[in-house]
Amino acid sequence: MLIEASCKIELETQFLVPAVFMLRPRSGVSQFVLKEEYIVEPLVPITEYTDTYGNLCQRLIIPPGVFHLESRVTADCADQIDIHMNADWVPVSAVPDEVMQFLLQSRYCEADKLGAMAADITRGYTLGYAQVEAIRQWIHQNIRYEYGVTNASTSALDITKNHVGVCRDFAHLGIALCRSLNIPARMVVGYLHELEPMDLHAWFEAYVGDRWYTFDATQSQPKGNRIAVAYGRDAADVAFASYFGAVTFRSLTVEVQAVQPSSLSH
């Protein structure tokens, strides 16, 4: 399916504020970027670099006053996510060098404190994909989705105590539980078609069967038509905006819709 997604941000500041945005997706296995626009008002110089996770990062200086930024992308997305219940666990000794970092603890994913819980959830399941799917199902069934009850400091361990959170919290818990079983896991942020309520979304991927697979504990059934924008160890690595000064956040508007091939300009 062709998906058009956009993210509009309105900010205000009294001073020149350096900032880094992470709002440009790249083509990958399940998505091909056909068209994109990146609009800032007022117009300011922008440079771009690629971070250690392969994400495209836009660097600029926000001028005093009201500042608007919009990122719009049209991508050809896979209608279904890949599922392979028999994908094997990859021994740590065989994990590729570039994947090893996703076995380590990170700021929001205290894998060292969740080993017993992960063992209980996955008892009786085959090592690998089946374990991760058991974790995804357990989170979906036992953690309540609710806005406004967690914040930027909430970690996976906090969620095991409160049993409530939003998509980033669901992803953090899934990642931490996977890592406690020596399964590499990473966070993904991006867009999901027909997400309710519409917003930027977060899910996780696990490395089993010598490749990455998508898991989303907020959804009752596997769903495709996603546009991944950024990858990282947890939310600290995939912030869509980082400011290095005082900035007032005024609004964020996200839109995702299916489009017809004929609507694309040539």
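FYI, it's all coordinate maths here, none of it is from the lab. Note that this is a predicted model, so its numbers are computed, not measured. Using ideal geometry, Cβ is built from the backbone for each residue, glycine included, and neighbour counts are taken over all protein chains shown.
Here is how the numbers come out for the structure above:
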| item | result |
| --- | --- |
| Signed unit charges on C-beta, dipole axis of the chain, positive-most listed residue 257, 137, 180 | 180 |
| Label-point gap, in nm, between residue 163 and residue 51 - each point 7 angstrom along Cα→Cβ | 3.4 |
| Computed [θ] at 222 nm, deg cm²/dmol, the chain (DSSP H ≥ 4; -39,500 (n - 2.57); rounded to nearest 500) | -5000 deg cm²/dmol |
| Positive-pole candidate from 228, 55, 103, dipole of the chain, charges at beta carbon | 103 |
| Label zone at residue 66 (point 7 Å along Cα-to-Cβ), backbone N below 15 Å, the range 228-263 | 248-253 |
| Relative contact order (%) - criterion: Cα under 8 Å, at least six apart; region: the chain | 29 |
| Cβ-placed point charges (K, R +1; D, E -1), dipole of the range 1-154 about Cα centre in debye, nearest 20 | 260 |
| Global geometry of the range 1-42, whether rounded, prolate or oblate, following the gyration tensor of its Cα atoms and the 1.5 cut on a/c | prolate |
| Difference of contour (0.36 nm per residue) and Cα-Cα distance, residue 36 to residue 119 | 25.5 nm |
| Residues of the range 182-212 with amide N under 17 Å of a point placed 7 Å along Cα→Cβ from residue 92 | 182-186, 207-208 |
| The chain: translational diffusion in µm²/s, Stokes-Einstein, Kirkwood Rh over Cα pairs, 20 °C, 1.002 mPa s | 111 |
| For the range 1-109: rounded, prolate or oblate by the Cα gyration tensor [a/c cutoff 1.5] | oblate |
| Gyration tensor (alpha-carbon) shape descriptor, the range 169-266, a/c threshold 1.5 | oblate |
| Charged-residue dipole, Cβ positions (Lys, Arg, Asp, Glu), the range 92-220 about Cα centre, Debye nearest 20 | 300 |
| Principal-axis tilt of helix 129-142 within the chain, Cα atoms, nearest 10 degrees | 70 |
| Distance in nm between pseudo-label sites at residue 141 and residue 10 (7 Å out along the Cβ direction from Cα) | 4.4 |
